[in-house]
1. Please calculate how many Å² of accessible area the stretch 545-761 carries per residue, with a 1.4 Å probe and no DNA, RNA or ligand atoms counted.
2. On a full-extension model of 0.36 nm per residue, what is the gain between residue 598 and residue 1066, subtracting their alpha-carbon distance, rounded to one decimal in nm?
3. Would you mind getting the accessible area per residue of the stretch 290-363, heavy atoms of the protein chains only, 1.4 Å probe, in Å²?
4. For the stretch 383-388, take each phi angle, set θ = phi - 60°, evaluate the Karplus expression 6.51 cos²θ - 1.76 cosθ + 1.60, and give the result in whole Hz per residue in order, putting x for glycine and proline.
5. So how do 403, 120 rank on accessible area, 1.4 Å probe, biggest first, that is with the largest at the start?
6. With label points built 7 Å along Cα→Cβ from the Cα atoms of residue 635 and residue 937, find their separation and express it in nm.
7. Kindly list the residues of the stretch 1057-1098 that lie in the label zone of residue 987, defined by a backbone N under 11 Å from the point 7 Å along the Cα-to-C-beta vector.
8. For residue 196, enumerate residues with amide H under 5 Å from its amide H, sequence gap 5+ or separate chain, H modeled in the peptide plane.
Amino acid sequence: MSENDAASNSDKSEIAKATYSRILPYFLGPTNENYEQFQKLINQIVTTHLDVRDRHAECDGSTVTAEGTDYVPRDSSIGGDLNLSEFLSGPLAESNHQRLEGYLRLLGRDLLGQFSIPFWNPKYSAHMCMDTSMPGTLGYIASMMYNANNVAVEASPITTVLELEAGKQLCGLIGFGADAKPETPAPWGHASLHVTSGGTVANIESLWAARNLKFYPLSLRNAMRKGEPLHHIENLLEVPVEHTATRFGSGSRRFSSLSGWELVNLRVDYVLSLPQLLYTQFGISPSYLQAAMEKHGVQTVGMRKLEEQYGIKRGKVLVSSTNHYSWPKACALTGIGRDNLICVKVNEAAQLDNRSLLDTLRNLAEQEIPVFAVVAIVGSTEEGAVDDVDGMVELREVVGKRWGLHFCLHVDAAWGGYFATLMKEPKKARDGIPDSLLRYTGLRENVNRSFLAIRHADSCTVDPHKSGYVPYPAGALCYRNGDMRYLVTFSSPYIARVNEPESVGVYGIEGSKAGACAAAVWMSNSVIGLGKAGNLGKHGGQNDYRTLLGTTMYSSSIYSAYWATLPESAQDNPPPIGSGNNKIMVVPFNKLAEVEDVYTGDQLEEKLTEFRQRILDTIIGKSSAEIAADDEASNTLYNLGSDLTINCFVVNFKLNSGEWNSNVEWANTLNKLIVKRMSSVYPSQQPDKIKFFVTSTEFHGNVYGECAAKFKERLRLKGNTDLFVLRNVVMSPLVARNNFIQRLIKDFNTIAEEEADRCIQWADPKRKSRHYFLLQTKNNCSGGFEAYLVYLPNFYMANSSRQLILKVGSGNGHLAKKQPTLFRTSDEINLEEVLSSSRSLELQAFHGTTDPDSDEHDLSLSDIEDVTQLPDSAFYPTHITVNVTGTLRNQPISTDFRDSVYPEFMPFYAYGDLKNLHLSHILLKASNTFVAVSNAKLEVTSTELEPKEIQKQLSRGAIIITKLPEAPCQPFDIDYLKRVLVTGGGSLEVELYQDELLVDDGPVPTPKSSGQQTPAPAPTSCSAPEQSNKLPTEVLTRTWPHEDSLMDYITPPGRRPLCTGRLRIKSVDDLFFDDAWLNDDMASAWRFHDPDGDGPREEWKWERIGKAKGKLSEWESYVDAKVRGLEQQLDQGNMKVKADGGKWWAKDE
């Protein structure tokens, strides 16, 4: 090594030490590194608080001695004066101390200590939670001791001021107030902020303010009408044209001459300036204006009255389709209505598409539909995406000038707000080496521009309890123009006094709120530092948030490198990318843009492999110093991953055939299994035994649109099913050290491959397993009987995803007495192979009890919750050979064959005859409930056919449509189905149709709804019993449009029923239900845990989640049991105290 290299490495080592020296002092640390300092400061807080109490006691002349205190009451009825020791050490006090200690031990050790998620540990990489900063935590605890309420300054003189100071800090951080004049009063004169319980409340308040601002000019106009307090200025107030919706001209227009459309489209800052303008021009005092506006304001009269008076249509709110749930909630609570929330589509990176936004705004302007607000998201909570705020600011100006449409621009930076500490001025986004671990890998140029543009928005949400590392709850709403806060003011008489700090409790939704939250925000901001902007240039430029979040960005990028190179990067000596026979692939949501945005087809695969190899060679396993010294590696790392430290990705697996799985549902199952092994939500899943935490989300097709479709293409998946996505949220800056990430990734890869092995089996249509059938029989006219075996399907298993009804001939007389009952195959078999070759099945009959030697049947068919969980003892050991004579129905129910919506009414396959009719629920959409009916009776009420014709249709298989609603009742309640199907002498109205898919005389007519010019052929799904007695061996494909329903082909629109009638079902014993096995994807209803509660992680196993016993959930039952045990211990202790003759106990009882 040369002297220069040694010096360079030494310098980098010093940079690393300096970096972590700036970060680590702010946290207690995953291994309690700062324990001594934390304990010292906690003691300091308590000691200081005790001193304060003593000082107040001294000031009011009270004394505290061993004999007593002035605050303790004297009561002659209990023996006169008592000394202090009797109150604090007597039997009752001792009992109460034990009670407090017992519950605190239960809470701290047995509940929180054992089951809390270890957010402070770098292995936690799931939700937006991390170790809270010591400044924030200590500031919260110190203030909490005083229980200040920031609703009014008289209840919180200090924490109110701290909330105002926090307002200056955060407004300065995002650029609000950056252009304020030096003489402008702070903080309300220009920019303002108040602390909320979280981003949801802040977002709701921002929309509340935007709504009120939109209607303020209408209310002011009404206050100027004849007979109203402001009538004297009706013809005097002039509005400069540049502030109106007028697109041409100059000069001014009379306010009273503006139309309703023009009034609701005045510029935001002009509307906010109106009170000051009225005072300056006409001397109208704020109190007089408030009184004049009171009866006309939207908060008094409501939106509808003003809209109807001025002919204004209901306004809209525009936000990206991937918006946070707080936005529909905000529209609902403000009365705007969820229907008026327009979700603008997103691009492939899940950022709002500005072109679509522009088109939407133009359409609204042309229809004269107002816009309350447009929302830009800076750090989406699912993908970490940052909208193009800079472009949205420019767009706002364009639509204002071109179409006269003005609105509030709100930035939802709940997640991303504190990343503004990483901002650099334009053209300097990557200049220099900051005080961080390595060359700056923070905000990319486009993201940096968005952060710089926030200062031009009207309001902004920031959550200190997210990227600010402050304890919950701590959100914040910032206004660029502080006058906006007056739009949501409700005053109370006790709030305001002369010459005192302004009470912040009058602004916003919340009344009483903890001053400790504001103190925690102020403390963390002040100690860690937001830079000169965050301190408005008044308190220096400490900016360790920049170091903290910059290092976290680096850690997130390292994660991204691993996700892009798995499974190879999980090996100690990684093989070349693509050289092995990998069973899994991991595809990051954020594209490897350097190649994926440039190449296509085979060339893309080649270039993608080369690029992933470059990541493997230059980043994986390399130290931060090595990456910093390599320009190519630094540039590559800089462009990896999301905008803000959230990595979304999906794992797919390879089938036994060697092809990559293309079924979205199977991919979803794999990723559900992975996340269940890497999370803790049950008492039997001890968090300390989980090596790596991740979380998940879903990309819904109706929300993500083309974004989700393109992601599926990259995963080689097909279909419209929503995509289950894994998420890795990085908030710890520590994981980048000592290859810690690689250890986590190895554990992830092991879990992913283990679960892929299971999925490979489920996706194999030839996998051998036990299969279950319901036997249904009927007597025929010749004195014999006919029987049907109705297969119990599963939506998600490749070897079970079909509705199959087999016909069993009269040669199986030994089945006559077993009606109806349940069978299972005697062994694990390939069902398709067996039926195609032997035409017979070896079955075991359901015994009806868990004890085969008993004649008592304690289990009825209608009460079985899951057939696959029945013990072997529930079946007779004797094997029965059943000969299959035909296939009445063989309809796939896998993903491609399902409908997108549930049918309006429940449809059934019907077979048998009028007096012994059997039915099987037609499964058109998952999830669902399989319902089978045996031995029903069909009473025909209207038909043009002879009874023998109806019987012919039933014998070959027909369709019954009931009048029992399906879509409104999903998911079905089985108890409800039992009640409505067995009506105690009543009946169910039905229509009987010929099954068009059984017709063998040409293609089925195209349903009118499909709009096709040529008829669509019927799916090759089944054939009449006399035509086939085997299962088809070819792979079936959907042959009708996905937007159409299978029912349109089974019963084409416009076709008249063969007959109408009433269906009578004798009893509940003739019913069978299954919703457990049918919907079992081997993930949703399962958990990976330690059944014994104390075994090593290696002994954890998969187990079906049982239904809660009684009204309590599993967690509630666990806590309830712990509390009962503690109370029993306390009762025993109290009995001992009582036996010792404690004199207060006798009186207490």
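1. On the way: 7740 Å² over 217 residues.
Spelled out: the 1.4 Å probe surface of the stretch 545-761, per residue, equals 36 Å².
2. On the way: separation 468, 0.36 × 468 = 168.48 nm, distance 6.73 nm.
161.7 nm is the gain from fully extending residue 598 to residue 1066.
3. Numbers: 3510 Å² over 74 residues.
Ligands and nucleic acids excluded, the figure is 47 Å² per residue.
4. Using θ = phi - 60°, the values come out as 10, x, 8, 10, 5, 7 Hz.
5. Working: 403 45, 120 110 Å².
I get 120, 403, largest accessible area first.
6. With each label point 7 Å from Cα toward Cβ, the separation is 8.5 nm.
7. The answer is 1060-1065.
8. 475, 476, 477
The values are calculated or read from the model by the stated rules, or taken from the named source; none is laboratory data. Bear in mind that the values here come from a model prediction, so they are computed numbers and not experimental data. All Cβ positions, even for glycine, are placed from backbone atoms using ideal geometry, and neighbour counts span all protein chains on display. SASA here: full protein model, heavy atoms, side chains in, ligands and nucleic acids out. Shrake-Rupley method; radii C 1.70, N 1.55, O 1.52, S 1.80 Å.
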